[in-house]
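Since every read-out is calculated from the coordinates, none of them should be taken as a lab result. As the structure is a prediction and not an experimental result, all values here were calculated from the model. For neighbour counting, all protein chains shown are included, and Cβ atoms are generated from backbone atoms with ideal geometry for every residue, glycine included.
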Amino acid sequence: MTAPAAQLAFAFAPGASLARADFLPAASNRLALAWLGRAASWPAGRLVLSGPPGSGKTHLAAIFAREAGAPVISGGQLSALSLPGLLPAHGRIAIEAADTAAERPLLHLLNLAAEAGGRVLLTARRPAPSWGVRLDDLGSRLAASGQVALGIPDQALVGAVLAKAAADRQLRLAPPVLDWLLARLPRDLAAAADAIAALDAASLAAGRPPDLRLARLVLAAGAADDMAALPACGPSRIRGALL
C-alpha cells in the first residue's frame with residue numbers, strides 16, 4: 001500500500017537549476033516573483049519571503065542573488081561571520097532561514113545594508129511578525145519591511161516541475177508514470193525534483209527505462225526515509241528488487 005504523502009522524505013540532494021528561466025510561475029508564487037522584480041520599491045529596502053518548505057523560497061533567493069550580485073547566507077551562520085566583510089559595498093544580500101539568525105547580528109547586518117542603501121531579501125517559514133523577536137529595534141525594522149507569503153504549490157505546479165525535471169535529465173516518463181507520481185508526492189517542489197533524480201538514478205542502476213514498477217520502488221524507499229541508499233546499493237541489488 002502506498003504511504004501517505006506526508007510520510008515521504010526524500011534524501012537526495014536537489015539537482016535542479018536555480019536560474020530564473022527554470023522558475024515556474026504559478027498562483028502560489030506569482031506575487032513573490034513580481035516583488036522580486038521591483039527591488040527598488042521594497043519598503044525600507046527589505047523584503048521578507050515566507051512560506052512552507054518546498055514552496056520556492058530558495059529558488060527565488062538564488063534568482064535575486066544572481067541578478068543583484070549578492071551573496072546568499074544562512075541565518076544560522078550570521079553570528080560566526082564577520083558582518084562588515086560579508087556585505088558587498090552595494091549592500092545587497094539574501095539571508096535564508098532568517099528567522100533562525102541570532103537577533104543582534106541580524107540587526108547589525110540590516111543596519112549596515114541600510115547605511116549602504118542596499119537591498120536585503122530574507123526568507124523564512126513564517127512571516128516576520130510571528131518570529132517572536134525580542135529586540136525592539138530589530139522588530140521595528142522587520143515590521144517596516146515588505147512581507148510576501150508563498151502559498152503551498154498546487155498540483156499543476158508540482159506536475160510541471162516533475163515534467164521539467166524529467167526533461168532536463170532526458171528521462172522519458174510515460175504519462176501514467178507521471179500521473180502516478182503526482183498523485184502520491186507531497187505538494188513540495190524540492191520533493192518533486194528529488195523524486196525524479198532518484199528515479200533517474202534507479203533507472204540507470206537497473207539498466208531499464210523508468211516504469212511504474214520502478215517508480216513504486218523509488219517512492220517506497222522514500223517513504224522509508226532511505227532513498228539516499230538506493231543509488232548506492234548497486235545495479236545488482238536494484239535489479240534484484242525488481243525481480
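Points to keep in mind about this one:
- Relative contact order of the stretch 27-149, defined on C-alpha pairs under 8 angstrom at six or more residues apart (%): 36 percent
- Gyration tensor verdict on the stretch 27-149 (Cα atoms; rounded if a/c is under 1.5, prolate if a/b is larger than b/c, oblate otherwise): rounded
- The stretch 77-102 and the stretch 103-168 have Cα centres spaced 13 Å apart.
- Cleavage-rule hits (trypsin sites (Lys or Arg not before Pro)) in the stretch 29-86: DSSP loop, at most 12 neighbouring Cβ within 10 angstrom: ARG38
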